[in-house]
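Following: one structure in structure tokens, then a few remarks.
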Amino acid sequence: MVVLPRALIPMLVLVGACGDAGSGEGGAGGDGGAVPSAVEVDAAEIADAGGEGSLTVAVTAPGTITVHLASDLVLEAAAVGASAASLNGPSALVEPDGEPYPGGIWLRPRPVTDAVVELVLEGSGVIEVELFVRGAPVPEARRERSLFWTDPSIVDAPQVVGLARVLGAASDDGHGGVLLDNWLRRFATTQHSERAGPAQLADEIAADQGADPSAWDLDVLPFKVTGVHNRIDLAARGGGCGELRVSLASTHPIYAPLHVLFLFRQAPQDDDVGPDGAAHCLGTARRWARLSSLDGQAFTDAARALLDVTLVRERFLLAETVELTVSPWEWRQWSPAGADELDNPALFQTVDAPRLNVPGALRDELFAFVEENAEGLSRREIAIPSKFRSASARLPPSAPAERLSLEGLDPAVLADYPDLAEAIEIVGCPTCHTTNASFVQTTVEREPSPFYDLELDARADRLDRLNAGSIEPVPPFGPLQ
Ligand code: HEC
């Protein structure tokens with residue numbers, strides 16, 4: 001293949017830069033208008049001022065696209081009609097090879113630090129390659145920028161992420177006072193558990209601020225934002241590109257500990273979707289990682305912009321609580337259920353050990369389910385049916401929890417999977433919140449529990465691997481560490 005002098009290259013890509021398919025005619029292998037099998041492109045010509053862009057190039061297979069880079073870049077390509085594709089260069093960073101999808105081969109985004117790389121394409125006939133430049137390689141994830149924000153310019157700024165802002169975003173009326181009032185009172189009226197504390201807090205707010213909750217000033221209430229959490233790790237299992245979560249804690253002298261978590265969906269953007277139409281969320285992974293290079297006002301502005309698009313009603317998923325306003329500790333989830341109302345679904349992945357430990361039909365059903373799914377359950381890959389879960393879970397502050405007993409299960413299954421009960425329980429609220437953690441994962445002081453500390457390291461490592469181009473398995477339910 002003939003390598004062209006760099007000066008000629010911009011001219012060659014101009015045709016393709018208009019987005020015109022079959023624009024490879026200018027390539028070195030050109031043969032009087034036939035689609036060449038060797039094409040040269042200059043990455044700088046693809047990128048816009050923000051360092052991102054795309055170009056469609058046609059090559060006859062087997063063929064090669066030589067990409068010249070003036071600076072390190074994240075490159076991605078979709079080769080429509082190819083049977084195989086790889087990116088070759090002097091450094092090992094251009095791995096992995098292309099991954100097949102129904103229409104061709106996808107080369108997932110990866111950092112390229114070589115001045116020249118060759119995209120080698122196999123197949124037959126003309127292959128149309130869309131080349132994407134996704135900006136400069138991203139920095140390593142710093143916890144306080146890319147995973148867990150406690151920066152005062154964010155968490156102490158009520159207009160950015162305070163109680164009023166978050167409740168307003170979660171509510172139907174855009175204010176959130178009615179939602180809060182209904183919610184606090186609902187703690188006391190659910191059949192599975194009746195907790196008076198939160199409802200008394202609603203009484204107190206009404207006594208202070210009047211009986212109309214839609215007129216309450218929510219930012220003066222005794223709650224503190226304890227953190228903003230990036231849960232992109234939930235993308236593959238939960239849909240979308242995972243969640244952004246805001247945690248708050250009560251600072252009331254009586255109605256505490258009372259911790260709430262608001263879950264908002266991260267929506268896939270154009271650069272989060274592969275050529276097969278499925279979300280891989282690598283654009284979102286880069287956006288979060290890039291925050292790690294920012295400090296001061298630049299970080300504050302970028303974080304606020306991200307919150308502005310995320311803290312909206314359409315993205316609100318549900319809320320969660322863990323509280324000890326009366327003993328014992330209690331966990332609940334709260335899903336939208338009618339205008340400005342929240343109610344308790346069966347707790348996600350949380351087996352109701354006290355109920356399941358009692359001999360009877362339900363325990364028999366559980367055993368049949370566990371015996372059939374033992375391997376997947378041991379790997380924490382199986383969704384637990386709602387009939388084995390309950391709408392709330394409770395643990396006393398100082399007595400050991402009642403653990404799920406699998407006594408009587410097929411001994412062969414127990415022998416094969418000796419840690420099955422632990423694997424089933426760790427994906428649920430109370431066990432995870434008390435394993436290397438003391439009921440709460442983010443303290444009122446904005447400190448992570450030892451469990452959460454390790455989890456943050458694991459999430460940072462995974463984000464780095466994704467941004468390095470690594471093909472990561474879908475994380476199991478429960479801990480990543
Ligand atoms: C894998 C372990 C794990 C499981 C299972 C789990 N949590 Fe958490 N929880 C965490 C971590 C870690 C955080 C910190 C924020 C984050 O990572 O999303 C957290 C945060 C919270 C918070 C904010 C207060 C705090 O402790 O930081 C609430 C409320 C909460 N979880 C409730 C629940 C409920 C309800 C369930 C069950 C449906 C549940 N959690 C299941 C690990 C877990």
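Worth a mention:
- The Cα center of segment 403-427 and the Cα center of segment 62-98 differ in position by 47 Å.
- Nearest-20 debye value, the chain charge dipole, Cβ charges on Lys, Arg, Asp, Glu: 700
- Each Lys or Arg adds one and each Asp or Glu subtracts one; over the other residues with Cβ under 14 Å from the Cβ of residue 362, this totals +1.
- For segment 68-151, with +1 on Lys and Arg beta carbons and -1 on Asp and Glu, the positive-most of 91, 71, 103 along the dipole: 71
- Whether segment 133-242 is rounded, prolate or oblate, judged on the alpha carbon gyration tensor where a/c under 1.5 counts as rounded: prolate
- Once the Cα atoms are used to define both axes, helix 296-310 deviates from the longest principal axis of the chain by about 80 degrees.
- For segment 358-392 versus segment 106-120, the gap between their alpha-carbon centres in whole angstrom: 46
- Each of 358, 345, 463 was placed along the dipole of segment 327-474 (beta-carbon charges, centred on the mean Cα), and the one lying farthest toward the positive end is 345.
- Linear extension gain, residue 402 paired with residue 254, 0.36 nm per residue minus alpha-carbon span: 50.5 nm
- In a simple Cβ point-charge model (Lys, Arg +1; Asp, Glu -1; nothing else charged), segment 86-240 has a dipole of about 300 debye relative to its Cα centre.
- Each peptide among 289-302, 100-113 gets the average number of other Cβ atoms lying within 10 Å of its residues, and from highest to lowest they stand as 100-113, 289-302.
- When only the Cβ of Lys, Arg, Asp and Glu is charged (+1, +1, -1, -1), the dipole of segment 439-481 relative to its Cα centre reaches about 160 debye.
- For residue 101, distant residues with modelled amide H under 5 Å away: 106
- Near residue 451: Cβ cut-off under 13 Å, other residues only, Lys/Arg at +1 and Asp/Glu at -1. The net charge is -3.
- CD proxy at 222 nm, helix term only [per DSSP H run n ≥ 4: -39500 (n - 2.57); per residue of the chain; nearest 500]: -8000 deg cm²/dmol
- Inverting the pair-averaged 1/r between distinct Cα atoms of segment 71-136 gives 11.8 Å as its Kirkwood hydrodynamic radius.
- Least to most buried among 94, 444 (fewest other Cβ within 10 Å first): 444, 94
- Taken over segment 284-381, the alpha-carbon convex hull comes to 215 cubic angstrom per residue.
- Listed residues 429, 197, 305: farthest to the positive end of the dipole of the chain (Cβ charges): 197
- Projected-area mean, segment 199-306, by convex hull of Cα positions, square nanometres: 9.6
- Here, the chain has an Rg and a Dmax of 26.7, 85 Å when only alpha carbons are counted.
- Among residues other than residue 183 with Cβ under 10 Å from its Cβ, the summed charge is -2 (Lys and Arg +1, Asp and Glu -1).
- Between segment 31-50 and segment 242-313, the Cα center-to-center distance that results, in Å: 37
- Translational D in µm²/s for segment 336-432 (Stokes-Einstein at 10 °C, 1.306 mPa s, Kirkwood Rh from C-alpha pairs): 111
Rule-based calculations on the coordinates, nothing more; no lab input. Predicted, not measured: the structure shown is a model, and the values here were computed from it. Backbone-built Cβ (ideal geometry, glycine too); neighbour counts: all protein chains shown.
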